[in-house]
1. Among the candidates A142, A128, A133, which residue alone is small (G, A, S), within 16 Å of A174 (Cβ to Cβ), crowded, with 20+ Cβ neighbours inside 10 Å and within 14 Å of ligand 2 (Cβ to nearest atom)?
2. Would you mind finding the one in T193, T162 that is among the polar types (S, T, N, Q), at pLDDT 95 or above and away from ligand 2 (no atom under 16 Å from the Cβ)?
3. I'd like the full set of residues that are touching a His at 6+ places or on another chain (Cβ under 9 Å) and within 29 Å of A41 (Cα to Cα), limited to segment 149-171.
4. Any residue at all in segment 2-12 that's more than 18 Å from E105 (Cα to Cα), in contact with a helix residue (DSSP H, G or I) (Cβ under 9 Å, 6 or more places away or on another chain) and within 16 Å of ligand 2 (Cβ to nearest atom)?
5. May I ask you to list the residues in segment 186-226 that are among the basic types (K, R) and crowded, with 19+ Cβ neighbours inside 10 Å?
6. Has segment 77-94 got any residue that is near ligand 1 (Cβ under 10 Å from one of its atoms), assigned to a helix (DSSP H, G or I), at negative phi and not aromatic (F, W, Y)?
7. Name every residue in segment 191-226 that is in contact with a helix residue (DSSP H, G or I) (Cβ under 9 Å, 6 or more places away or on another chain), farther than 20 Å from A136 by Cβ and of a type outside the set (S, T, Y), in order of residue number.
8. Going residue by residue through segment 143-162, is there one that turns out to be closer than 30 Å to Q209 by Cα and among the aromatic types (F, W, Y)?
Amino acid sequence: MSATITEHPLITRTAEFIREKFLHEGSGHDWAHIRRVWQVARALARDTPGADTLVTELGALLHDVADWKFHDGDEEAGPRAARQWLESQVAPPEVIARVEAIIREISFKGLGVATPMSSVEGELVQDADRLDAIGAIGVARAFAYGGHKGRPLHDPAVPPVTHATFESYKQNTAPTINHFYEKLLHLRERLNTPAARRVAEERHAFMEQFLQQFLREWEGEDVASA
Ligand code: ADP
Ligand code: NI
């Protein structure tokens, strides 16, 4: 996918602001993640009649600007930081409100918690963000995040949990493999657009294959049968 930057000056300035802020981030929420989400959301918007590209692109660029995961669980840190940035750029109040809503609604909050988006632009950004959490890149990001948080790769004695509330999901410190069963394997069913669902098929199958092989090696089954 090309890295061309849209002509709109607000997009260009926002991309530069986020690029500088996230260039050296090491938890899987780096600029490359945000850039991919931006490009994919933009491609989805092109195929979605009525989607506002400015709101979609700003939502994608700012969606992880101050994630609760890195701000003591503060869910308002992201919407607040996005508003501050857009106000500093004198963006139209209506655009600010719509982007702020996307950032407030986008995050996965536990398997038992529904996360509907209130706008079509939000649905596109959420799909783009979720596509980047599955497949080969999803696997890499999950372990980058787990390493960043000092989590073990796997522990068969700790079973996956269906988090029924956002609070319970937030407090989770389980091994990284559990995250596949608690979130990543369920994202395919939670996408909003047919285009994203099509892309998800191969990525989902790859993750399943990865898990199968991981658990096989963990138990030494491949060695035993060699
Ligand atoms: P979301 O807002 O839906 O959580 P993000 O864009 O913030 O999405 O990205 C979350 C990334 O961090 C994903 O790649 C996800 O797999 C990873 N991640 C989040 N929580 C965990 C966890 N407990 N273990 C491993 N990876 C995690
Ligand atoms: Ni993200």
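1. One residue alone meets the criteria, A142.
2. Going through T193, T162 in turn, just one is among the polar types (S, T, N, Q), at pLDDT 95 or above and away from ligand 2 (no atom under 16 Å from the Cβ): T193.
3. Of everything in segment 149-171, those that are touching a His at 6+ places or on another chain (Cβ under 9 Å) and within 29 Å of A41 (Cα to Cα) turn out to be Y169, K170.
4. Looking for residues that are more than 18 Å from E105 (Cα to Cα), in contact with a helix residue (DSSP H, G or I) (Cβ under 9 Å, 6 or more places away or on another chain) and within 16 Å of ligand 2 (Cβ to nearest atom), one finds none in segment 2-12, hence no.
5. Result: R188, R203.
6. Yes, segment 77-94 has at least one match.
7. Matches in segment 191-226: N192, E221, D222, V223.
8. Yes, that holds for at least one residue.
The values are calculated or read from the model by the stated rules, or taken from the named source; none is laboratory data. Here the structure is a predicted model, which means the values were calculated and not measured. Cβ sites come from the backbone with ideal geometry, for glycine too, and all protein chains shown count toward neighbours.
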